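Following: one structure in structure tokens, then a few remarks.
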Amino acid sequence: MGPKQDVSKFAYSVVAIVIALLVGAVLIAVSGYSVKDAYSNLFMGAFGGVYSLATTIVMSTPLLFTGLSVAFAFQCGLFNVGAEGQLYVGALTSAVVALGLGWLPPVLRVVIALLAGAGAGALLGFVPGYLKAKLGAHEVITTIMLNYVATFLTTFLVKTYFKDPGPVDQTVLLPSGSRLPELIRGTRVSLGIILGIAAVALLNHIMRRSVLGYEIRVVGENPHAAEYGGVSVSAKTVQAMMISGAVAGLAGSVEVMGTLYRFIPHFSPGYGFTGIAVAVIAGQNLWAVIPAAILFGALQSGGQTMQLFAGIPMELMTMVQGLVILFVAAPALGSLLFRLKIRAKEGGGLE
Amino acid sequence: MNRIRKPLAVFSVALVAVMVMGIASFSVAAAKPRMAIVFATGGLGDKSFNDSAYEGMKRAEEELGIEFDQAEPQAVAEYESLLMRFAQTRKYDLIISIGFDQADALQVVSERFPDQKFAIVDTAVDAPNVASYVYKEAERGFVVGAVAGLITTRTGDPRIVSDKQIVGVIGGMDIPLIRANVAGYIAGAKYVNPKVEVKYAYVGHWADPAKCKEMANAMLDEGVDVLWLAAGRSGLGGIKAAEERNRYAIGADSDQGYLAPDNILTNGMKLVDNTVYMAIEAVLKDEFKPGINMLGINEGALGYSESLVPSDIIAEVDKLAAKVASGELEVPEDIDQVEPWLKAEGK
């Protein structure tokens, strides 16, 4: 995709977001809430002040990884619905490794724990990749199912082997040397966001500049042609799923090591699934994962204050998010509305 | 491109307009006392813990003239930022955390805002500005256990399926807090009826009604007449099972009678509404007390509802409840202690 197309796609996305917010405004008004209160809180909660900005970044960080994970699999024509599960195994593995390696110097400890989280995610990504390559089992089904396996397996492992004594099922707190450094004091903004951007850059480089990336793209475009051209579709499928899983695993690692400082079962409010939305909005361009993740982080963060101070239920916020996906991902619907609107203005008949 | 540019301009202007309006209208705090509450992850509509806390807030709004804002987190990861956002405004007289899994987040936030008063219900946070309200869980287990132990002998009742005298309890998670409830339940049932057999199990999740229903059916298969669901939202599944097979269920935390009007025998009430109300009242009267506040039947924070309980059983259980409230009966909090305790009580 050329730069010119990227710009027009970006412009289109901005317009789609604005339409989504306007339709959302109608829904908010119909539900009996003040649109003004809602959107001023949404905006201030996402961007008004240091803490709001920090919260937006904190909430964008895991979405950056899960979004990248799903977007990367898209490039190979694979739909990884399993980011949520990969996130959980990555999170627990990092927590356990970070706790177990207390004797190592901090930097080494953090690096190894991150790699272990990525490794665990890759391993969980390998399973659906292999099943698809060898048995033709569709990755959507297998990854969805593995989400349950991963979520409950981690819960079980924490309860049985890694539980902090006390009423809550969770691991003990990571010592400060096992945590990702805090970038802004008093917030939970950690090195994770930088790692996320670096991961986008790295995967983008792999996709555009390496043989592996080229082969993965060819398989994504047309597996038959790829096979004919001597690229092993099954090998690329397994590799792409493993990379995708590794990145999703890192989402969990970064959340545990940079934000929560411990593993808590069911900690994720669906980062893996929101990652799908991020990837859909980003489309074919991996760099676009960054603004898309920040958009959803901002909606989450602003949604909090909308809930707290405008009294608007989180469900309405989730609906607005759904509208954003709908309008951005369904250009046909968007342009249909445009035409209706323009026709109405010109003809004066509809409004 | 042309097709897009015009609407783009229109909508950009609209967006800017909406945002400018929003920023210009930031509201000014009212003079009434203002409270904030962060619910547990089950959310409102759990017909139990959170709903009960909400009732307490509403009553304080009417009777004490407060205003309040609320937050419904979807996952544990959100607690801290929600508490932080409330605390940052510095306009709340009290910020209330509902549920034991908020302890971590509240620990952090309470340290960062030492002048802000906090209260947490159902667990203890050790900080000079946090009032922790915890329950003598075994006490309510004891009263509903006593009701169960007595009703299971009434074979004339169509919901009592056999004369085997088996009652059951399903807990949400195998944790000390729930185990204390189970211990109290066993103690209560056996205290009033030495012949009774008590079965118990744990779902392992607060919000898995399907699994709870499965476990409830297994217990009903074994001849359980009365089943207590101390399992948060999961309990809804167990209540359904009891209703479908026309046995007695006992609800938890708030009055769940409307879920199965002919089958909810009573409810093991955790009067979170009274607790929340108490916490607010304490702040308004300038009697805010940091540290652990233990609440039980005596404080009006635990109890049972009369619902379908026959009046003679109510009379008997009320006598027992009074003994518990006065401290004459000290209910064991551990399942292993129940038998020795019964022996010591001469049962």
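Once both labels are positioned 7 Å from their Cα atoms along Cα-to-Cβ, the gap between residue B:312 and residue B:89 label points is 5.6 nm. Compute the long axis of helix B:272-284 from its Cα atoms, compare it with the longest principal axis of the Cα atoms of chain B, and write down the angle in degrees, 0 to 90, nearest 10. In chain B, helix B:272-284 runs at an angle near 50 degrees to the longest axis.
Every helix of 4 or more DSSP H residues in chain B counts as -39500 (n - 2.57), and over all residues that averages to -14000 deg cm²/dmol at 222 nm. Under the simplified labelling scheme, the residue A:7-residue B:153 pair shows an inter-label distance of 8.8 nm, with each label point 7 Å from Cα along Cα→Cβ. What is the antiparallel percent of DSSP beta bridges lying wholly in chain B, to the nearest 5? Given both bridge residues lie in chain B, the antiparallel proportion sits at roughly 5 percent. At a Cα cut-off below 25 Å, give the lysines reachable from residue A:132, other chains included and same-chain residues fewer than 8 away excluded. Those lysines meeting the cut-off are A:236.
Give the lysines whose C-alpha is closer than 20 Å to that of residue A:36, dropping any in the same chain fewer than 8 places away, or say none. Excluding near neighbours in sequence, the set is empty. Counting only Cβ charges, +1 for Lys and Arg and -1 for Asp and Glu, the dipole size of chain B around its Cα centre is about 1120 debye.
Estimated at 0.36 nm per residue, the fully extended path between residue B:163 and residue B:115 surpasses their Cα-Cα distance by 11.3 nm. Neighbouring Cβ atoms from other chains, within 10 Å of the Cβ of residues in A:309-317, number 3 on average. If you take each beta carbon of peptide B:75-87 and count the beta carbons of other chains within 10 angstrom, what is the mean? Taking all residues of B:75-87 together, the mean is 6. Among A:12, A:271, B:135, sorting on how many other beta-carbon atoms sit within 10 Å of each Cβ, with the fewest leading, yields A:12, B:135, A:271. Here is the link list: B:199/B:319; B:164/B:343; B:323/B:347; B:270/B:343; B:195/B:240; B:270/B:323. Which ones come out longer than 20 Å on Cα distance? Among B:199/B:319; B:164/B:343; B:323/B:347; B:270/B:343; B:195/B:240; B:270/B:323, the Cα-Cα distance tops 20 Å for B:199/B:319; B:164/B:343; B:270/B:343; B:195/B:240.
Positive end of the dipole of the protein assembly as shown, charges at C-beta (+1 Lys, Arg; -1 Asp, Glu), about the Cα centre: which of B:185, A:158, B:103 has its Cα farthest in that direction? Comparing the listed Cα positions along the dipole, A:158 ranks first. A simple packing score, the average count of other Cβ atoms within 10 Å per residue, orders the peptides A:177-188, A:115-126 as A:115-126, A:177-188, with the highest score first.
Site pair residue A:285 and residue B:221 shows an inter-label distance of 5.9 nm when each label is modelled 7 Å from Cα along Cα→Cβ. For chain A, modelled as a GNM whose springs connect Cα atoms under 10 angstrom apart, the maximal fluctuation among A:258, A:82, A:49 occurs at A:49.
Extension gain, residue A:27 to residue A:145: 0.36 nm times the residue separation minus the Cα-Cα distance gives 39.1 nm. To the nearest ten degrees, helix B:137-151 and the longest principal axis of the Cα atoms of chain B are 40 degrees apart. Exposure proxy ranking for A:190, A:210, based on other Cβ atoms within 10 angstrom of each Cβ and starting from the fewest, stands as A:210, A:190. Dipole size of the stretch B:190-293 about its Cα centre, with +1 on Lys/Arg Cβ and -1 on Asp/Glu Cβ: approximately 240 debye, rounded to the nearest 20. Consider a paramagnetic label point 7 Å from the Cα of residue A:164 along Cα→Cβ; state which residues of the stretch A:74-112 have an amide N under 20 Å from it. Taking a point 7 Å out along Cα→Cβ of residue A:164, the residues of the stretch A:74-112 whose backbone N falls under 20 Å are A:88-103, A:110. Listed by chain and number, the aspartates and glutamates whose alpha-carbon sits under 19 Å from that of residue B:285, ignoring those within fewer than 8 places in the same chain, are B:61, B:62, B:63, B:67, B:93, B:115, B:273, B:299. Beta bridges per DSSP, both residues in the protein assembly as shown: antiparallel share near 10 percent.
3J(HN,Hα) along the stretch B:320-336: 5, 4, 5, 5, 5, 4, 6, x, 5, 9, 10, 6, x, 9, 10, 4, 5 Hz, from the Karplus curve 6.51 cos²θ - 1.76 cosθ + 1.60 with θ = phi - 60°, whole Hz, x for Gly and Pro. Over chain A, dividing the summed -39,500 (n - 2.57) contributions of all DSSP H runs of at least 4 residues by the number of residues returns a 222 nm mean residue ellipticity of -25000 deg cm²/dmol.
Its relative contact order, with pairs defined as Cα atoms under 8 Å and 6+ residues apart, puts chain B at 18 percent. Charge dipole of chain A (Cα centre as origin; +1 on each Lys and Arg Cβ, -1 on each Asp and Glu Cβ, all else neutral): 360 debye, rounded to the nearest 20. Here the stretch A:75-102 is scanned for amide nitrogen atoms under 18 Å from the site 7 Å beyond the Cα of residue A:212 along Cα-to-Cβ, giving A:75-78. With neighbour counts taken as other beta-carbon atoms within 10 Å, the residues A:76, B:212 rank, fewest first, as A:76, B:212. Entry note, the stretch A:55-192: relative contact order of 29 percent, from Cα contacts under 8 Å with a spacing of 6+ residues.
Measure nothing fancy, just the Cα-based angle from helix B:79-89's long axis to the longest principal axis of chain B, in degrees from 0 to 90, nearest 10. Taking the Cα atoms of chain B, the angle to B:79-89 is about 50 degrees.
Any read-out appearing in this document is the output of simple, stated calculations on the displayed coordinates, not a laboratory observation. A quick note: this is a predicted structure, and the numbers were derived from the prediction, not measured. Here Cβ is always computed from backbone atoms with ideal geometry, including for glycine, and neighbour counts include all displayed protein chains.
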